[in-house]
Amino acid sequence: MKNYMAFFDSNNYIKKMIPTIIEVFVAYYGEDKRDEITAKFNNALVVSPISSESLSSMILKLKKDITSQLIEEFKKNKHSNLSTNDLLGNVFNFDFNVPIKYFSDFYKEYVNEYNNKNIDNDNLEKKFHRTIELISKINPKITLSNFYQYLNDEEILNLVKDSELIDKIYNEYNEFLKDYNSYIKYSESLKNLYSIIKKKYRKEFILDNLDLLDDNLKNIINDYLNDKLYNYKDREKIDGIFGSSYGGNGYLDFFSSIANDKLLNGRDFEKKEIKNNRVKYFNTMGINLGSNYDDYVQANISFPNVERVDKLINDKNKYNELASQEFIKNTKSYIDIYKEQKDFDAINLNEPKDILFKGNSSLANSSTYVRETDNGFKLAPVVTIGIGYDLEGTDHKIIHEFNHLYELTLNAVMNNKAEYVCGWDIVEDDLTNNISSDEKREYELFNEIINEKITQEICEKMQEKNLHIFNGQSDFMYKGLTSYEHTNFIVDSFFNKYKEDIIKSRSNGNMRHIFDVVGEDNFNAMNDLFYVFQDNFNGSKYYSLCSAISKINNNEELSDKDKDLIKKYQLIQTKRDKILEKMAEYKELNYMNNNEINSK
Amino acid sequence: MLKEININILGLNNLNINIDILNNKIKNNNKEIKFNYEIISKLINMIVLWKYDYGRDNEFDSEEFIIELITDNENIIYKGKGNYPENYDDFKSLLGELV
């Protein structure tokens, strides 16, 4: 089973595992790199946030895993001729009763009442009703009144034995969960807290915008606002106007200044959607002139005031933000990481980002920061490993980010700008305003795929040496998880042929080394292929390419679109091969020149 | 008329959702899943009011999104890396319900 305890306590656990991560990297890069690796990894702040949703999702997975094991135990030991599916139903976890458990509850009560000669009570009848479907699979003639005739029936006796078995299994299930009870209770408390906070700010938002509802809708919502009702009636109308409290735009959003701008300057589809939603708004307000938006314009109906709608949207965003902030700042994950970041004392390292604590917090990144010391500016990097729904990829994420950390150097701090080199990637941060440059970094994509290839080799080493962090041998995944691998076909040969030089060039800003080996022009030509790839195959087009390649492999007919994609793909391959030839020639020439010089 | 929606979340995570509106089919990383028109409508309603490009941040491995709305005569792209629309969390939550 997965190491759930580690995941639940990820922020503490990952820090304890830094020595293991160091061993993993030393195993790959060599003992001579131990001091450098140790210094770099111990110098960073490593945090592992977990959102309320991720925590809840992990608890469900934990319960499912335990349940799967117990189902196997039940299958091996059951007595009844009925199938496991008949006895357990589509059981997800043992928080809920399964058919044989209902039988068990009924049977215990029945025997008790039978012995007391009191089998005509309502409670017993209810319990029988819950188990009648299972009993009728044995014998459809059995009823509550004639059940006593079947007490020694072989199949009923088997069900009785299986009842004892299921009671034992439910006890085992609860025993298993005892160790996790504090996390389960904490998760429940977070859900309650979220619900309370969400409702509080939803009410404030509605109160601030009550003027946008007509008298009828105001009356409907009054009981909700006064806490007489948990929720309001006519939700469709009110949520239609304001948007649902759980996301999505309301019809009024389509009268904002942004919507107006799109109506003038946007794309045809966007204009159509804006008009459709405006018609829906009018219909909700009781004005129905058909589905043609222009009819509403020409009818001189009063449109919602743009400034008023912009205020509505600002209020919605404001209250969503307040709710989010209040909730997140009350979670242990945020509180702990906030304190750590504050104590880490890096320039511009402010509060942790909200996105790390929302939804599926499966994000991971390495962030560049510096701190000022008596000896000048020093690197103060932060590595974030979010724990989300995809637990099996956690160790892979850690290695990927720590490899960025290993390859990270502070180049210079001048004129309030910090320049970092990470592998082949150059990053510049403005220290005065914490605003990142939004220019695409020259070697960003090339750098990421090479980092990923090194990561996968390190992961292979981990498996070989049976070194693990969060994942175990059986739930460790490290291939096909990232979109960077879509460009494997560009770099595979290059990486395999020049691996040693690649690794040497990525350490401590040593990019000149790979230029010297393969030629700077050739290296940049290979880098250019990533831009070609992005222009032609980014996002869903890559999957269309994969589909076209699959059709070729299966001798299926290609559409014109498929042929166009294949042509572009082959063009990249051809260019890649030419570049690889030139790299080899350059290296050979360099080698011959160096030999000539040495011999002189 | 809207024919297709492609939702790509790129980087260290890799999510590709292809929504074939005409044939009522959805694929999540190439596996077919249940078509939910209500959630898809809500997603469209959010996307059409977004900017086309939210820019990029300077962090390594920050999440990138690329969303395409494909109609009979248009291919509309919305994207960003490390910078997201205001209601991106709600968008991701709805996406979570879809898949």
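Taking the Cα centre of the stretch A:126-226 as reference, the dipole from Cβ charges on Lys and Arg (+1) and Asp and Glu (-1) amounts to some 180 debye.
With +1 on each Lys and Arg Cβ and -1 on each Asp and Glu Cβ, how big is the dipole of the protein assembly as shown about its Cα centre, in debye rounded to the nearest 20? Present the calculation step by step, with values, prior to reporting the outcome.
Working: 90 positive and 115 negative charges, 213 e Å.
Computed about the Cα centre, the dipole is about 1020 debye.
Peptides A:296-304, A:362-370, B:20-28 ranked from most to least packed, by the mean per-residue count of other Cβ atoms within 10 Å: A:362-370, B:20-28, A:296-304. In this simple spin-label approximation, B:K31 and A:E326 carry label points 7 Å from Cα along the Cα→Cβ vector, and these lie 3.9 nm apart.
In the stretch A:450-494, which trypsin sites (Lys or Arg not before Pro) are in a loop and have at most 16 other Cβ atoms within 10 Å, using DSSP for the loop call?
Counting only loop positions with at most 16 other Cβ atoms within 10 Å, the trypsin sites (Lys or Arg not before Pro) in the stretch A:450-494 are A:K479.
Considering only B:L12, B:L43, B:L69, the Gaussian network model of chain B with Cα springs below 10 Å gives its largest mean-square fluctuation to B:L12. In this calculation the C-beta distance from A:N496 to A:E442 is compared with R0 = 30 Å, giving a FRET efficiency of 0.80. Under a 5 Å amide H cut-off, with hydrogens placed 1.01 Å from N, A:K417 pairs with A:L431 among residues at least 5 apart or on other chains. Across the stretch A:57-88, the residues whose backbone nitrogen lies under 20 Å from the label position 7 Å along the beta-carbon direction of A:N171 are A:66-80. The stretch B:33-99 and the stretch A:408-482 have Cα centres lying 25 Å from one another.
Scalar couplings 3J(HN,Hα) for the stretch B:15-24, obtained by applying the Karplus form with A = 6.51, B = -1.76, C = 1.60 to θ = phi - 60°, are 10, 10, 10, 10, 10, 8, 5, 5, 9, 6 Hz; x denotes Gly and Pro.
Compute the angle between helix A:215-225 and the longest alpha-carbon principal axis of chain A, please, reported from 0 to 90 degrees and rounded to the nearest 10. On a 0 to 90 degree scale, this one is about 90. Between helix A:488-505 and chain A there is an angle of about 60 degrees, using the helix long axis and the longest principal axis of the Cα atoms. If the chain linking A:Q463 and A:N43 were pulled fully straight, counting 0.36 nm for each residue of separation and taking away their Cα-Cα distance, it would gain 148.6 nm.
Just flag the GluC sites (Glu not before Pro) in the stretch A:442-498 sitting in loop per DSSP whose Cβ has no more than 16 other Cβ atoms within 10 Å. Intermediate values should be presented prior to the final figure.
Working: sites: A:E442, A:E444, A:E448, A:E452, A:E457, A:E460, A:E464, A:E485; in loops: A:E442.
Qualifying residues, ordered by number: A:E442.
Under the rule of -39500 (n - 2.57) per DSSP H run of 4 or more residues, summed and divided by the residues of chain B, what mean residue ellipticity at 222 nm is obtained, to the nearest 500 deg cm²/dmol?
Values: 2 runs with 22 residues, N = 99.
The helix-only estimate for chain B comes to -6500 deg cm²/dmol at 222 nm.
When averaged across all projection directions, what area in nm² does the alpha-carbon convex hull of the protein assembly as shown cover?
Values: hull surface 166.7 nm².
The Cα convex hull of the protein assembly as shown, projected and averaged over all directions, gives 41.7 nm².
When only alpha carbons are used to place a centre, the stretch A:539-564 and the stretch A:61-93 end up 43 Å from one another. What percent does the relative contact order of chain A come to when contacts are Cα pairs within less than 8 Å and at least six residues apart? Taking the mean separation of contacting Cα pairs over the length of chain A, I get 15 percent. Projected onto the charge dipole of the stretch A:391-480 (+1 at Lys/Arg Cβ, -1 at Asp/Glu Cβ, origin at the Cα centre), which of A:Y443, A:Y406, A:N433 gives the Cα projection farthest towards the positive end? Among A:Y443, A:Y406, A:N433, the one farthest towards the positive end of the dipole of the stretch A:391-480 is A:Y406.
Using the Cβ-Cβ distance between A:T373 and A:D239 with R0 = 45 Å, the FRET efficiency computed as 1/(1 + (r/R0)^6) comes to roughly 0.25.
Can you give the mean number of other chain Cβ atoms that lie within 10 Å of the Cβ atoms in peptide B:4-13?
On the way: counts 1, 1, 5, 2, 7, 2, 7, 7, 17, 13.
Mean shielding count: 6.
Measuring between their Cα centroids, the stretch A:524-538 and the stretch A:140-196 lie 58 Å from each other. Specify whether the C-alpha gyration tensor of the stretch A:279-407 places it in the rounded, prolate or oblate class, a ≥ b ≥ c being the square roots of the eigenvalues: rounded for a/c under 1.5, otherwise prolate if a/b is larger than b/c and oblate if not. Prolate shape, in that a/c is at least 1.5 and a/b is the bigger ratio. May I ask which residue of B:P85, B:N30, B:G55 lies farthest towards the positive end of the charge dipole of chain B, with charges of +1 (Lys, Arg) and -1 (Asp, Glu) on Cβ and the Cα centre as origin? In chain B, that residue is B:N30. Applying the Karplus relation 6.51 cos²θ - 1.76 cosθ + 1.60 with θ = phi - 60° to the stretch A:196-210 yields 3J(HN,Hα) values of 5, 5, 4, 5, 4, 7, 5, 5, 4, 4, 5, 4, 5, 10, 4 Hz, where x marks Gly and Pro.
Taking 0.36 nm per residue of separation and subtracting the current Cα-Cα distance, fully stretching the chain between A:L589 and A:D223 would add 123.3 nm. For the stretch A:520-600, the Kirkwood hydrodynamic radius from C-alpha pairs, put into Stokes-Einstein at 20 °C and a viscosity of 1.002 mPa s, yields a diffusion coefficient of 143 µm² per second. Relative to the longest principal axis of the Cα atoms of chain A, helix A:332-344 runs at roughly 20 degrees. Within the stretch A:10-108, list the chymotrypsin sites (Phe, Trp or Tyr not before Pro) lying in a DSSP loop whose Cβ has at most 10 other Cβ atoms in a 10 Å radius. Passing sites in the stretch A:10-108 are A:F96.
Between the amide H of B:E4 and those of B:I21, B:I70, distances stay under 5 Å, these residues lying 5 or more places away or on another chain, with hydrogens modeled in the peptide plane. Over chain A, DSSP H runs of length four or greater, each weighted -39,500 (n - 2.57), average out per residue to a 222 nm ellipticity of -20500 deg cm²/dmol. For the pair A:N292 and A:D343 in one chain, pulling the backbone fully straight at 0.36 nm per residue adds 12.4 nm over the alpha carbon distance. Per-residue shielding of A:353-360, expressed as the average number of other chain Cβ atoms within 10 Å of the residue Cβ, stands at 4.
Values quoted throughout were computed directly from the atomic coordinates according to the rules given, and no laboratory measurement underlies them. Everything numeric here is computed off the predicted structure, so don't read it as measured data. Glycine gets a Cβ as well: all are built from the backbone with ideal geometry, and neighbour counts include every protein chain shown.
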